[in-house]
1. Once phi is turned into ³J(HN,Hα) by the Karplus curve 6.51 cos²θ - 1.76 cosθ + 1.60 with θ = phi - 60°, what whole-Hz value does each residue of the stretch 170-186 show in order, with x for glycine and proline?
2. If you roll a 1.4 Å probe over the stretch 214-268 with all protein chains in place, what percent of the accessible area is carbon or sulfur?
3. Set the Förster distance to 45 Å, then compute FRET efficiency between residue 228 and residue 51 from the Cβ-Cβ distance, nearest 0.05.
4. Just to check I understand the Karplus step: with θ = phi - 60° and J = 6.51 cos²θ - 1.76 cosθ + 1.60, what whole-Hz values come out for the stretch 218-228, glycine and proline as x?
5. If you average 1/r over every pair of different alpha-carbon atoms in the stretch 107-247 and take one over that average, what Kirkwood value in Å do you get?
6. Compute the signed sum of charges (Lys and Arg +1, Asp and Glu -1) over the other residues within less than 13 Å, Cβ to Cβ, of residue 206.
7. Hey, can you rank 107-113, 270-276 by average C-beta count inside 10 Å, highest first?
8. Could you name the aspartates and glutamates whose alpha carbon sits less than 16 Å from that of residue 430, not counting residues in the same chain fewer than 8 places away?
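The values are calculated or read from the model by the stated rules, or taken from the named source; none is laboratory data. Fair warning: this is a prediction, and the values are worked out from it, not measured in the lab. Neighbour counts run over all protein chains shown; Cβ positions are idealised from the backbone, glycine included. With ligands, DNA and RNA removed, areas are computed over all heavy atoms of the protein, side chains included. Shrake-Rupley method; radii C 1.70, N 1.55, O 1.52, S 1.80 Å.
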Amino acid sequence: MKVKVDNVALGVIRDAMPEELPLGAWSNVLNMSIRDGFLTRSPGLGQLFTAPSIEPRFIAPFRTAAGLLWVHVGIAAAYVDNGSTRTDISRTAAYTGAATDRWVGGAWNGLFVMTNGVDKPQYWDGNTANNFVDLTNWTATKLCKAIRGFRGYLVALDITTSGTRYPFRVLWSALSDPGSVPPSWDTTDPSREAGEVDIVDAGGPLVDALPLGDQLIIYSPSSMHAMREIGGPLVMGIQQIPGRTGMLAKNCAVDTPLGHVVLTAGDVVLHQGGPARSIASGRVRNAVFDELDNQSAENACFVASNPAANEVWVCYPTDSSNAAKRAAVWNWASDSWTIRQLPAATAGATGQTPLPQIGDTWATVSGTWSSDAAAVWGGKAIAPNDQHLVLSHTAPHISLADSAGDDLGSDIVATAERIGMHLGEPDRVKLCRGVWLRIDGPSGTEISVQIGAAMKPDDSPTWSTAQTYTVGTSVKVDSFASGRYLALRLSSTGGGVWRLRGLELDVVMQGTY
């Protein structure tokens, strides 16, 4: 009989027993994505700009009247790139932070503001003839671990004053005029809106903040608080959000159409300003935190969005190198997860890119569209008005997601594996004689196919010899495996981007032994 699986895009579920998974879910994937209802070999990361002269540890877009810019910052220096020219915009004195002093900030009120927690907060006016300078009107005796723009205010977290740290303190500026830095941070001046408050029930030092609609969500490791502009003498009101959910490290939350997605100390959650719910529990939570290197977590984890594909990338280190080597990718349209390798990523941000396209042009390629393995098969044009995911890497490189057939010149090794398929009859032995695959991709793309089987759910499958499925030529792969629990493995190395639309297993039901 034919066992037909039309929906193969349920993503990976690594935290449940394989025999409990529905058909169409995968027990393990690497470098596969869920795109438009298909299981797709992940498109690659193409080089966006020329290689930076520093190892970028922070990256963010910044649009000015002169055009679109991308700021990238290392431990001691800062640069800006418009796609054709790179400019050193570091302040006069080198920054004094270490790799563990993570930059936080971004565009606000026509300016770019950032801090690393050990130097005074910095701002840049967007003019490439000027450099970053210490934030004007900032109190000289203060430092802050994080700074974010919120409406017409700047909000600083985890304040150090004259050498004394106040880890639960929130400090906000006076209201700013458009295009201007805050006129004051003096909380004792009754004529100004500046103020400060300690969140005594934070449960730990304040980590970071991110706007959500008309409120600013302030995160500690184990709590969330909503800050709103209420006017009057208090200016700001802060209210705790129910639950003991917080943020693992700086830059570990991102805004999506469904709300904030946040990497916590032990989960990935979603919230809209109310209680958070896990989106990883029972699927990839245990697997991710088993792989995550705890020593590097606060220095290397970050969360970024890839809105063109409805994705959030939860990027995490798997070793002590202080760089993210993997991303757990959540597709918010299909509510599914996949896993992707990363070439030592240090930061990610979403924004418009200054280049209409990167890589090959019609004038530089030869052959046919369907046979160009270096291109992103079935991909969309890289349009400057779309929002794209940009990553920085230790190499150093700056890359654009979904823009190449490989990862910065390295082949992508992709695998999708499903074990434990009992087809509703776990007591019966099944003979699998092959599999029909419905795969789209560049003609000639080769995919390795293996069929396996096990007699007990805890046994590792015995795999058949790998057979090659060739896109444009093959229809079925003939192979044999016998057992109560069937398995299927698809893999490819290099080549073009391909996608699986569905499959059918050729199965003969047998007895119980």
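1. My calculation for the stretch 170-186 gives 10, 10, 10, 7, 5, 5, 9, 6, x, x, 10, 6, x, x, 6, 10, 7 Hz in order.
2. Looking at the stretch 214-268 in its full context, I get 55 percent from C and S.
3. That pair, residue 228 with residue 51, gives E of 0.55.
4. Calculated HN-Hα couplings, in order: 9, 10, 10, x, 9, 7, 10, 10, 9, 10, 10 Hz.
5. Computed over the stretch 107-247, the radius equals 15.3 Å.
6. Local charge sum for residue 206: 0.
7. Top to bottom by mean Cβ count within 10 Å: 107-113, 270-276.
8. Partners found: 19, 459, 478, 504, 506.
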